[in-house]
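**Student:** Encoded as structure tokens, here's the structure I'll be asking about.
Every number here is computed from the coordinates shown, using simple stated rules; none is lab data. Quick caveat: nothing in here was measured; it's all calculated off a predicted structure. Here the Cβ positions follow ideal geometry from the backbone for every residue, glycine too, while neighbour counts run over all protein chains shown.
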Amino acid sequence: MEQREEALVHEHFDDAELKALYVEHQELKRQLEAFRDKLHLSNEEEIEKKRLQKRKLSCKDRIMEILARYR
């Protein structure tokens, strides 16, 4: 997420859905960073990584939809 978008999110933190999605997006980002630190992933870890990536993208898409209303 770009700085401009993050600034807009913070500007509209009174929107409960937007805030919840942003917090979830940041948590998913943190979890995915843990996978990046590993040299090799097990099959289960690969599956979990893909699941987290899809959820993070879904959160970002929804965040962008909400931000479009504020632009």
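**Student:** How much length is gained if the chain between residue 58 and residue 26 is pulled fully straight, taking 0.36 nm per residue apart and subtracting their Cα-Cα distance, in nm to one decimal?
**Tutor:** Details: separation 32, 0.36 × 32 = 11.52 nm, distance 1.27 nm.
Contour length minus Cα-Cα distance gives 10.3 nm.
**Student:** Taking K and R as +1 and D and E as -1, what net charge do the other residues with C-beta under 9 Å from the C-beta of residue 32 add up to?
**Tutor:** On the way: positive: 29, 30, 36, 49, 56; negative: 33.
For residues surrounding residue 32, the net value is +4.
**Student:** Modelling each spin label as a point 7 Å along the Cα-to-Cβ direction, I'd like the residue 3/residue 16 distance in nm, to one decimal.
**Tutor:** According to this spin-label approximation, the distance is 3.3 nm.
**Student:** So if I restrict to the alpha-carbon atoms in the chain, what is the Rg, and what is Dmax, the biggest pairwise distance, in Å?
**Tutor:** Every Cα atom of the chain included, Rg and Dmax give 13.9, 43 Å.
**Student:** Could you work out the relative contact order of the range 3-70, using alpha carbon pairs under 8 angstrom and six or more residues apart, expressed as a whole percent? Don't skip to the answer; put the middle values down first.
**Tutor:** On the way: 34 pairs, mean separation 29.4, N = 68.
Computed over the range 3-70, the figure is 43 percent.
**Student:** May I pose another question? Give me the net charge of residue 22's neighbourhood, meaning all other residues with Cβ under 12 Å from the Cβ of residue 22; Lys, Arg count +1, Asp, Glu -1. Can you show the working numbers first?
**Tutor:** Details: positive: 19, 29, 56, 60, 62; negative: 5, 6, 11, 15, 17, 24, 27.
Overall, the nearby charge balance is -2.
**Student:** Which of the aspartates and glutamates could a cross-linker bridge to residue 60, judged by Cα under 16 Å and excluding same-chain residues fewer than eight apart?
**Tutor:** Output for residue 60: 2, 5, 6, 15, 17, 24, 27.
**Student:** Here's another thing I want to ask about it. Where does the charge balance sit around residue 43 when Lys and Arg score +1, Asp and Glu -1, over other residues with C-beta under 12 Å from its C-beta?
**Tutor:** Values: positive: 49, 50; negative: 44, 45, 46, 48.
So the environment of residue 43 carries a net charge of -2.
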